[in-house]
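Since every read-out is calculated from the coordinates, none of them should be taken as a lab result. For clarity, every value in this text was computed on a predicted model and none was experimentally measured.
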Amino acid sequence: MFRSLDRTAPGSMRSVSRALVVIAFVALASGCGGSSSAGGAKNPTATFQAALQLQKQGKLSAAAQLYQQVITAQPNNVFAHYDLGVVDQANHDLVGALAAYGAALTINPKYVPALYNEATIYATTDPISAISLYRQIIGLQPTAPTAYLNLGLLEIKHSAPKQGVSDLTTAVRQDSSLLASVPKHLQGLVSALVSPAPSAPASSPATKHSHSAGSTPTNTPS
């Protein structure tokens with residue numbers, strides 16, 4: 001299931017199920033980079049915007065054709081490669097999606113949305129690679145709650161439960177609504193870690209009192 005979000009803000013993602021969250025970031029900026037070439041769009045910027053509108057309308061095949069035209073005209077347009085990957089992923093063409101995300105990352109290796117969507121694909125086919133990708137993401141953008149959520153779920157499933165609980169706790173600390181996506185048997189633990197019970201105040205040194213014989217000691221307030 002895809003949702004359109006600002007491609008620059010994975011930290012604003014919200015969970016849509018208790019399973020791994022698959023979120024499509026739709027590029028909102030106009031095309032950039034590269035000069036027009038034969039066979040490509042005569043006006044790449046306008047073509048890109050038209051493709052974006054078609055994508056939002058769910059006309060994915062038509063959008064993909066226009067993104068291809070933009071890429072032909074501007075091979076270094078990271079957003080066109082990325083959005084083509086989003087379209088392919090929506091069409092369950094995971095091979096095509098990975099190729100498109102890979103092309104975007106060749107242009108910009110730190111492009112977090114492409115890293116994120118790659119991770120959602122690898123989560124079911126190559127979880128070790130997915131874990132590595134999520135760690136790259138949180139290294140680049142520490143405020144990324146769904147990345148922490150997905151990372152924690154994978155770690156718990158693949159023999160790193162302690163680190164998984166830690167990452168789930170970070171996810172919920174950054175976005176409390178994600179607690180519902182934490183496995184039920186861990187929700188209490190994660191909730192307690194997010195909001196630990198307040199520690200007791202340090203005791204004041206006992207005041208020494210001298211008492212005369214037969215006098216009643218003064219009680220110190222607890």
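List of remarks:
- Sequentially through the stretch 112-129, phi angles give Karplus couplings (6.51, -1.76, 1.60; θ = phi - 60°) of 4, x, 5, 4, 5, 5, 4, 4, 5, 6, 5, 4, 9, 10, 8, x, 5, 5 Hz, Gly and Pro residues having no value and appearing as x.
- Summary of the geometry: the stretch 86-128 and the stretch 149-194, compared by the centres of their Cα atoms, lie 24 Å apart.
- 3J(HN,Hα) along the stretch 149-164, derived from phi through the Karplus expression 6.51 cos²θ - 1.76 cosθ + 1.60 where θ = phi - 60°, amounts to 4, 5, 4, x, 4, 5, 5, 5, 6, 10, 6, 9, x, 5, 5, x Hz, with x in place of Gly and Pro.
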